[in-house]
1. Under 16 Å Cα to Cα from LYS52, which lysines show up? Leave out anything in the same chain fewer than 8 places away.
2. Report, in debye and to the nearest 20, how large the dipole of the chain comes out about its Cα centre when Lys and Arg carry +1 and Asp and Glu carry -1 on their Cβ.
3. Roughly to the nearest percent, how much of the accessible area of the chain is carbon and sulfur, given a 1.4 Å probe?
4. If you line up the Cα atoms of the chain on their principal axes, what length do they span on each, largest first, in Å?
5. Excluding ligands, DNA and RNA, what is the solvent-accessible area per residue of the chain at a probe of 1.4 Å, expressed in Å²?
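The values are calculated or read from the model by the stated rules, or taken from the named source; none is laboratory data. Small disclaimer: the values here were computed from a predicted structure and weren't measured. Positions of Cβ are generated from backbone atoms using ideal geometry, with glycine treated the same way; all protein chains shown enter the neighbour counts. All accessible areas refer to the heavy atoms of the entire protein, side chains included, with ligands and DNA or RNA removed. Shrake-Rupley method; radii C 1.70, N 1.55, O 1.52, S 1.80 Å.
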Amino acid sequence: ENFTQSKEGAWLSQNASKFGFVLSYPAGKEAVTGYIFEPWHWRYIGVENAQKMITSGLILEEFLRKFGVV
C-alpha cells in the first residue's frame, strides 16, 4: 500500500491510462469491487477505453457494467 506514495506509484497513477491501464481495485470502493484496495493491481483495457473510463469518473467495475461488458 506504500506503493501509491512512491515516485513510481504517483507516476503510474497519472500516466497509466495513456498506455491503456487502469487501477482495478481503488481505495474506498470496496463495496463496489468486493476487494480491498490493491495499489499494485492494474488492468489493461486499451488506450481508448482507459481514457474514456478516466474521463467518466467511473471505476473499472462500474465502467464495465455501464458499457455492457459485465
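1. Answer for LYS52, where 16 Å is the Cα cut-off: LYS18, LYS66, listed by chain and number.
2. Roughly 220 debye, rounded to the nearest 20.
3. 55 percent
4. Cα extents, longest axis first: 35, 27, 16 Å.
5. With all protein chains present, the chain gives 68 Å² per residue.
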